[in-house]
1. Would you pick out the residues in segment 63-79 that are closer than 14 Å to residue 8 by Cα and touching a helix residue (DSSP H, G or I) at 6+ places or on another chain (Cβ under 7 Å)?
2. Looking at this structure, is residue 105 more than 13 Å from residue 8 (Cα to Cα), surrounded by fewer than 17 Cβ atoms within 10 Å (Cβ to Cβ) and modelled with pLDDT of 95 or more?
3. Scan segment 17-30 and give yes if some residue there is within 30 Å of residue 109 (Cα to Cα), in contact (Cβ under 8 Å) with a residue 60 or more places away in the chain and in a helix (DSSP H, G or I), otherwise no.
4. Filter segment 39-63 for residues that are touching a strand residue (DSSP E or B) at 6+ places or on another chain (Cβ under 8 Å), more than 18 Å from residue 85 (Cα to Cα) and either outside any helix (DSSP H, G or I) or touching a residue at least 60 places away in the same chain (Cβ under 8 Å) (or both) and give the result.
5. Which condition does residue 73 not pass, out of (1) surrounded by fewer than 17 Cβ atoms within 10 Å (Cβ to Cβ); (2) in contact (Cβ under 8 Å) with a residue 24 or more places away in the chain; (3) over 12 Å from the mean Cα position of the chain (by Cα); (4) under 25 Å from residue 109 (Cβ atoms), if it passes all the others?
6. Based on what the data block shows, is residue 46 within 27 Å of residue 109 (Cα to Cα) and either modelled with pLDDT of 95 or more or touching a helix residue (DSSP H, G or I) at 6+ places or on another chain (Cβ under 6 Å) (or both)?
7. Residue 4 is checked against (1) surrounded by fewer than 24 Cβ atoms within 10 Å (Cβ to Cβ); (2) in contact with a helix residue (DSSP H, G or I) (Cβ under 6 Å, 6 or more places away or on another chain); (3) assigned to a loop (DSSP other than H, G, I, E, B) and fails just one. What number does that condition carry?
């Protein structure tokens, strides 16, 4: 059995169910990395609400646009580095909580389908690759 703490990557972790999941994984002694699009809320969650975990280096975070494939790839790499090269648990909780995105698009816009597919597939394949690159 490894002495390393278990790790989790949680998207949409700055508020609501995501924040509850982050808190619970931290309470269970996981090292956790959070993605969220809302920088202000993300900083509040990590640096105020869950400060003791951030201070102890058990919690890291990045602003990540889950509609941008390159941003996802870059931030998953950052998360894997923070988490010691492995991700034991992946929670893809990111979503929109308003009827439209900041650019005015809605889920009813047909051109957003490819963005949703990119988010899900990139997240899945990038994390699969992290594991395949020698992570336990």
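1. Answer for segment 63-79, where residues must be closer than 14 Å to residue 8 by Cα and touching a helix residue (DSSP H, G or I) at 6+ places or on another chain (Cβ under 7 Å): just 76.
2. no
3. Among the residues of segment 17-30, at least one is within 30 Å of residue 109 (Cα to Cα), in contact (Cβ under 8 Å) with a residue 60 or more places away in the chain and in a helix (DSSP H, G or I), which makes the answer yes.
4. If the condition is that a residue be touching a strand residue (DSSP E or B) at 6+ places or on another chain (Cβ under 8 Å), more than 18 Å from residue 85 (Cα to Cα) and either outside any helix (DSSP H, G or I) or touching a residue at least 60 places away in the same chain (Cβ under 8 Å) (or both), then 50, 63 are the ones that fit.
5. Exception for residue 73: condition (3).
6. no
7. Only one criterion is unmet by residue 4, namely (2).
The values are calculated or read from the model by the stated rules, or taken from the named source; none is laboratory data. Just so you know, these numbers come straight off a predicted model, no measurement behind them. Neighbour counts are summed over all protein chains in view; Cβ atoms, including those assigned to glycine, are modelled from backbone coordinates with ideal geometry.
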